[in-house]
Every structure is written in structure tokens, then in C-alpha cells.
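S.K.: Just dropping this structure here.
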Amino acid sequence: MTDTVWMDTENDLLCCIDQRKLPNETTVLSLSKAEDIYFAIKTLAVRGAPAIGIAAAIGLYAVSARFHETESAGFFYALKKTADYLNAARPTAVNLSWALSRMVKTAERNIDKSVSEIKAALKAEALTIYSEDIAVCRKIGEYGVGLIKDGYRILTHCNAGALAAVRYGTALAPIYVAKEMGFTLHVFADETRPLLQGARLTAYELCANGIDTTLICDNMAASLMQKGQIDAVFVGCDRVALNGDAANKIGTLGVAVLAKTFGVPFYVCAPFSTVDFACPTGANIVIEQRAPEEVTELHYKQRMTHPKVKVYNPAFDVTPAEYITAFVTEKGILKPAELRNYKERHA
Ligand code: MRU
């Protein structure tokens, strides 16, 4: 399995697969300018909650490696300004601010050192964030596989696989581990309107990794569940509130309501970097609103609706805790109410 985001350590660059072009073209972006990194995150060249955090951390290092400041206070000021700028690229996934804040705190801890020592500390921290993601996603896979039986038919929404992290992903990690264990699974991938992360990315990476996959339109999940053809739902998430409400790609809430109606377990896979202990409930989560053209034009040969029609295009919705059977984390399987117990250790 190849990585989605990484650091070119010789040239101090952020590298990532350009997901806007998948599945038809695999191209790699190599970035070191703040504006280019911001644009790559904003336009979903790099996307998925863990991946945007890692890209921002590596990107912040790549930008700061090129700062000309020779004195620590000036360097820190420029670093903080760049971190704030990158953090504004997308509001919903907490991993972005989590990773950038780790980088800024690293610089703060080393503020009495020389600029070149601070740069070295930032490089090490970005590489740690990168390698931690691989280990954390692997753990999510190892815990999550305990919820899967050989022959399961699993529904997933959006893309919470390798392309949404460095490797393995979150919701797809248990599926990859199950495959390694010799399980035969079938995955149904919601196409995920309007940006088609399910059709373009999930179907692509699952098929490329030898997982039997069927693509469905978002409005087909109900009929599959009604016919008893889904054994479990696995999704990722972008921000979990302290009460266990979870924001994920628009359409996740509908899938959760269906799963409850038809008695299908609904699992949310998330590293602790996605839990926002400062956010009391899902009502406090800022939902990104995106451009109308994503709905009316982006994946059509020509605009497919009336020019005057209004468009509602929130990128995420919030699934209330009571619809979530369990969270699959790197620390184990937790009921939504159990998240609070981890506050002291992670907040
Ligand atoms: O807008 P996107 O494509 O970045 O949204 C991604 C999702 O909603 C994913 O399901 C979520 O980030 C979980 S990723 C492991």
C-alpha cells in the first residue's frame, strides 16, 4: 500500500497524491509555498481528516524551512502566522488545528534555541505526526477487525481509507486487516454526492487492494438494508464532540438513521486526534459550506440545472451519539459515553 502524504526529507517538501485527479490519473504534488498548500487542502487535492492534519504539519515545516529569519522570535512569529493561515483552509476536521498546534507548540518549547535547531525540531515533529498516523490507523484496523465476521457485507460512506490518511485509513483499516487475515468480505461504497469520494476514491482504493466492491448511489443504501444485505456500517469522521456526536461527510447522518431503523451496527472509526474535547456537543461543530458549482457542474459535462436555482452544499453533517453503536479508536472500541473518560489524558 503506497502512502498518500509524505515528506521529501532531502528537499523539505510536502508531497501528496493529487486526489482531484483520481482515479484516472495518479500525479504527485510537491509543495513548499503556503498559498499552494492552503489551496491543495481547500480544493481537496489532499483530503480526509487525518491526511489534512499530516499535510498541514509537513507543509508548515516545508514553508518554515525556507524562512529567512535568523532570530528565534521573528521565526516564531512567521511560523504562527503561517499556521493560522493554513488552519483557515477548512473548518470542520479538527485534525488540521490539532496537527498545526502540535507544530507551533514544538517551536514554542524550543524558542530559546537557534533558528536552525527549531527547524530541526519542527522537521522531527512533522515526521512523528506522519509515522504516528500509520501506527494509529493500523491499531484501528486491528481493533475494528474484531467487529467483522468472515463473509460480512459492509457499507461505507465517503472515503475514510488509505487516501484519507497516510496508510490504511480509519474506516477501511479493519477491512484491510480482515483481508490480511484471509476473510472474504464484500464492501458497498456509497458514491457520496457531490464530490464522489466514494465512487472516485473508495471504490478505487478498495478494488486496487483486491477487495470485492460494489458502488451504489447514496439513495440505494436503504433498500439494501431493508433486504438484510448489509451486516455493518463503517465510516470515518472529522470531529467528535465530548458527548459522542460525530461530524462526518454529508450523508453520514442519513446512513446512521437507516442503520438504526434496520438494526445494522453503525461504527465510527477515528483516531483520538479527531476527538475535540473542547467541543461539548455536535451543535458546536462548524460545518463547512462549499461552492454551489460542486453540486451543479463539477462532475457533469455541462451545468445540469436551472441557472437561477439556489444550492445548499454543506460538506458535513453531525450524527448524534445515540445512532453510533461504537467508536473504533487506536485505544480500543468505545461506546460514545466512554469518550469522556479519556478527556484528562488527551485534552
Ligand atoms: O471533504 P473530505 O473529503 O475531506 O471529507 C472526508 C470525510 O468526511 C471522511 O469520511 C473523514 O475525513 C474521515 S477520514 C479518515
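S.K.: Go ahead and set up a Gaussian network model of the chain, Cα springs under 10 Å, then flag whichever of 124, 291, 232 fluctuates most.
M.R.: The residue with the greatest mean-square fluctuation here is 291.
S.K.: Percent of accessible area on the chain owned by carbon and sulfur, 1.4 Å probe? Numbers along the way, then the final one.
M.R.: On the way: 7820 of 14670 Å².
Ligands and nucleic acids excluded, carbon and sulfur reach 53 percent.
S.K.: Give me the one-decimal nm value for the distance between modelled label points at residue 77 and residue 120, 7 Å along each residue's Cα-to-Cβ direction.
M.R.: If labels sit at residue 77 and residue 120, their model points lie 2.6 nm apart.
S.K.: While we're here: Counting helices only, and only those DSSP H runs with n ≥ 4, report the 222 nm mean residue ellipticity of the chain as the sum of -39,500 (n - 2.57) divided by its residues, in deg cm²/dmol to the nearest 500.
M.R.: Numbers: 11 runs with 126 residues, N = 347.
That calculation yields -11000 deg cm²/dmol at 222 nm.
S.K.: Quick check on the chain: of the DSSP beta bridges with both residues there, what percent are antiparallel, nearest 5%? Working shown, then result.
M.R.: Values: 18 of 36 bridges.
Approximately 50 percent, going by the DSSP bridge assignments.
S.K.: Given a 1.4 angstrom probe, what's the average accessible area per residue across the chain, in square angstrom?
M.R.: Numbers: 14670 Å² over 347 residues.
That works out to 42 Å² per residue.
S.K.: Could you give the distance between the Cα centres of region 56-94 and region 4-24, to the whole Å?
M.R.: If we compute the Cα centre of each part, the gap is 19 Å.
S.K.: A follow-up question, please. Output needed: percent of Cα pairs per 10 Å distance bin for the chain, bins running from 0 to the one holding the longest distance.
M.R.: For the chain, the pair-distance distribution reads 6, 26, 34, 23, 9, 2, 0.
S.K.: Please tell me the relative contact order of region 169-282 in percent, rounded to the nearest whole number, where contacts are Cα pairs under 8 Å and at least six residues apart. The partial results should precede the final answer.
M.R.: Values: 156 pairs, mean separation 30.0, N = 114.
Once normalised by length, the contact order is 26 percent.
S.K.: Springs between alpha-carbon atoms under 10 Å, Gaussian network over the chain: tell me which of 335, 119, 308 tops the mean-square fluctuations.
M.R.: 308
S.K.: Cut-off 10 angstrom, C-alpha nodes, Gaussian network model of the chain. Which of 82, 261, 252 fluctuates the most?
M.R.: 261
S.K.: Give me the angle, in degrees from 0 to 90, between the Cα long axis of helix 49-64 and the longest principal axis of the Cα atoms of the chain, rounded to the nearest 10.
M.R.: 20
S.K.: Under the rule a/c < 1.5 gives rounded, and otherwise a/b versus b/c splits prolate from oblate, where does region 147-345 land using the Cα gyration tensor?
M.R.: Values: a/c = 1.65, a/b = 1.13, b/c = 1.46.
Note, shape of region 147-345 comes out oblate.
S.K.: How far is it, in nm, from the label point at residue 184 to the one at residue 24 when both lie 7 Å from their Cα along the line to the Cβ?
M.R.: Simple spin-label model gives 3.5 nm for this pair.
S.K.: Still on this structure, I have one more. Quick check: the angle from helix 72-87's long axis to the longest principal axis of the chain, C-alpha only, nearest 10 degrees?
M.R.: 20
S.K.: Please give the helix 115-144 orientation as an angle from the longest Cα principal axis of the chain, in degrees from 0 to 90, rounded to the nearest 10.
M.R.: Around 10 degrees separate the two axes.
The values are calculated or read from the model by the stated rules, or taken from the named source; none is laboratory data. Predicted, not measured: the structure shown is a model, and the values here were computed from it. Glycine gets a Cβ as well: all are built from the backbone with ideal geometry, and neighbour counts include every protein chain shown. Just so you know, the surface numbers come from the protein's heavy atoms only, side chains and all, with ligands and any DNA or RNA stripped out. Shrake-Rupley method; radii C 1.70, N 1.55, O 1.52, S 1.80 Å.
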